[in-house]
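The values are calculated or read from the model by the stated rules, or taken from the named source; none is laboratory data. If you're wondering where the values come from, they're calculated on a predicted model, not measured in any experiment. Quick reminder, even Gly has a Cβ in these numbers, built from the backbone with ideal geometry, and neighbours come from all protein chains shown.
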Amino acid sequence: MGDFTEIRSRRPEPQPPGDEVILRARRNLMRTIEIEKSTQRSASEATGSSTTVVTLGRFRRRPGRVTAVVSAACVAVSVFVFAAGYDHMGVPEQSQVVTVGAARTLEQTADLVAAMTEPIETGPIRHLQFTNLTDADHPTYDTFVRPDGTALVGKVGGDLHETSGYLTSAQLAGLPADPYQLRTQMLSLSQQLGLGYVDEAPDRALYRLATKLLPDPAVTPEVKAGIYRVLAGLDLEAIRARDLGIGTDRTGRPGYVLEFTFEEGYVDRMVIDSGSGALISVETLDRGGRFFGGQVNVFAEMVDHMPPAHP
């Protein structure tokens, strides 16, 4: 107890919020307003139809729940505007507001995904299209994944070749929506896929697997919401999570931009569509802040048949 009292006495006294803290809190409020505007636009466009077209695939709205979710988010962010700069635990206020902002954005995205969308595509084949930012010419690829995890992959308009190693439909169907159970299952799958390395923090493997699962059309909205909650539950202070507000991916599509700096010093950045909650791009910056690699998720759907393969 004596050691604890001594440590506590050394903590700095709470300071009034600075201009930067207030600015970030206001940006959080503006992001929530952007969600509400996007929801209203989607509702207007969907008049007379139960289908809303979004960036990644086609989705059907769930009526009735969206307004309540957005209203609650607005209230939460409004409270955050006034409370963010006051640190009862002695944590530097700038670090606190950045970490809380990232967690809040992930939680709000989870609510958005769970409330707004459910897949309407049917078929056993997962079709994903993405642009590879790592290669010099940034080619766009088609991927057609069978239920057993084998796949055809190739550049759009070119030959498709056999490959394997993808998660099976049974593995995806077995993912729970509860974030605590989901975290355990994701850690197990990341080991099976070799996404973690010796002496590496498990948070990095969870992040890698999340970026693979979130664009997958066979993963249900409930599970995708759980994945965002798993990310929100990471040690965001340890991985230096940063909420950069509204930005764009490398193709100009707008979304929430979040950064995570893991132990080796590389920065992982994700861009999340503010209207649908879809993960639209991921990229990595090296220790010097230079672009290292990544991909842009273009399209995802479920289809009935595999296209013809080419040798």
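Restricting region 155-213 to residues that are assigned to a helix (DSSP H, G or I) and β-branched (Val, Ile, Thr) leaves a set whose member that is farthest from residue 142 (Cα to Cα) is 184. Is one or more of the residues making up region 223-237 in the same structural domain as residue 163 (by TED's automatic domain parsing), of a type in the set (Gly, Ala, Ser) and part of a loop (DSSP other than H, G, I, E, B)? Yes, there is a match, as at least one residue in region 223-237 is in the same structural domain as residue 163 (by TED's automatic domain parsing), of a type in the set (Gly, Ala, Ser) and part of a loop (DSSP other than H, G, I, E, B). The number of residues in region 281-301 being of a type outside the set (A, V, I, L, M, F, W, C) and within 17 Å of the chain's Cα centre (by Cα) comes to 6. From the list 147, 202, 176, the lone residue that is more than 30 Å from residue 107 (Cβ to Cβ) and touching a helix residue (DSSP H, G or I) at 6+ places or on another chain (Cβ under 8 Å) is 147. Of all residues in region 245-258, those satisfying the criterion of being at pLDDT below 95 and surrounded by fewer than 20 Cβ atoms within 10 Å (Cβ to Cβ) are 245, 246, 247, 248, 250, 251, 252, 253, 254.
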